[in-house]
Amino acid sequence: MKPGDPTAVEQLFDAVAPRYDRLNDVLSFGLHRQWKRQVVRALRPVAGEHWLDLCCGTGDLALELARCVRPGGRVIGVDAAAAPLHLAEARQQRQPWLPVRFQQGDALETGLSSGSADGLVMAYGLRNLADPARGLEEMRRVLKRGGRAAVLDFNRLLPGTAAAQFQRLYLRRLVVPIAASVGLKDEYAYLEESLQRFPMGHEQEALARRAGFSEVQHQPMVGGQMGCLMLRA
Ligand SMILES: C[S@@+](CC[C@H](N)C(=O)[O-])C[C@H]1O[C@@H](n2cnc3c(N)ncnc32)[C@H](O)[C@@H]1O
């Protein structure tokens, strides 16, 4: 599959959706939940605020944010693919008191009002966008001045380093074989391909500054395997 092709990316996540959460748990040893909670804690969403979860997938971060902004706040989860959104909606229906709604849309052009959000998150989404720089510009546009954002994803590492070798082994020897065992080999082989064209931390910082963010810091996580771009509009 060609990384950055929006139709192919949408089809991929529609195909993966029914097994996505379970695979994420297995492949991260359940730790992705902790990383996401860590990101939410760093952003400090509070009651009454309006937040976005872009590339929300099955909605775990949107639901976590919704717990923080009660009462009076709201969260919108946006994703391009229909299948993960159906799962997100089903989760939300089991917790109908949470102020969150999900909508299908493009993170590059959300159609949301400018300066309308106090904060936003994007987890494992930026790498999948056809144009990450445009994605960052759209994030800046929808945030209020002073609004905060976090972009969590795999960290693209310098080739030849021990951390990069570990990452390659993890993706090739663990992720792809496990995904293959449930019929999703090609879908997860795409992960390494998409990482190869993903900007490194310092490049993400430069793109975010160009997009107009006033504070920008890429923080390595999980021994450098993951990275979180922390932003203030
Ligand atoms: C790896 S999943 C991450 C889902 C979720 N944020 C998580 O952390 O589990 C990436 C998601 O990005 C969505 N996506 C990819 N390109 C998109 C775009 N241009 N606009 C909105 N969503 C997009 C995919 O449909 C997919 O659900």
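The values are calculated or read from the model by the stated rules, or taken from the named source; none is laboratory data. Fair warning: this is a prediction, and the values are worked out from it, not measured in the lab. Note that each Cβ is placed from the backbone with ideal geometry, even for glycine, and that neighbours are counted across all protein chains shown.
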Note to self: Can you name every one of the helices (runs of 4 or more DSSP H) wholly within the range 118-211 that holds 1 or more residues which are over 20 Å from the mean Cα position of the chain (by Cα), of a type outside the set (Ser, Thr, Tyr) and more than 13 Å from the ligand (Cβ to nearest atom)?
What the structure shows: 162-169, 176-181, 185-196, 201-210
Note to self: Within the range 1-104, considering only helices (runs of 4 or more DSSP H) that don't extend past its boundaries, which have at least 1 residues that are within 11 Å of the ligand (Cβ to nearest atom) and under 18 Å from Asp118 (Cα atoms)?
What the structure shows: 31-43, 60-69
Note to self: Being without any contact (Cβ under 8 Å) to a residue 24 or more places away in the chain and crowded, with 18+ Cβ neighbours inside 10 Å is the filter here; which residues of the range 137-176 pass it?
What the structure shows: Val176
Next item on the list: Using the structure shown, decide if Ala88 is over 14 Å from the mean Cα position of the chain (by Cα) and at pLDDT below 95.
Entry: no
Note to self: For the range 4-51, which positions are of a type in the set (Val, Ile, Thr) and under 16 Å from Met122 (Cβ atoms)?
What the structure shows: Val9, Val39, Val40
Next item on the list: Hey, could you check the range 107-136 for residues that are surrounded by fewer than 18 Cβ atoms within 10 Å (Cβ to Cβ) and of a type in the set (Asp, Glu) and say which is farthest from Leu54 (Cα to Cα)?
Entry: Asp131
Next item on the list: Mind listing just one residue for me: the one in the range 22-71 that is of a type in the set (Gly, Ala, Ser) and at pLDDT 95 or above and, of those, nearest to Arg145 (Cα to Cα)?
Entry: Gly48
Next item on the list: Taking only the range 220-233 into account, find how many residues are closer than 15 Å to Leu43 by Cβ and over 15 Å from the mean Cα position of the chain (by Cα).
Entry: 2
Note to self: Pairs please, first residue from the range 70-91 and without any contact (Cβ under 8 Å) to a residue 60 or more places away in the chain, second anywhere and more than 15 Å from the ligand (Cβ to nearest atom) and small (Gly, Ala, Ser), Cβ atoms under 7 Å, 6+ apart in sequence or on different chains.
What the structure shows: Arg70/Ala47; Pro71/Ala47; Gly72/Ala47; Gly72/Gly48; Gly73/Ala47; Gly73/Gly48
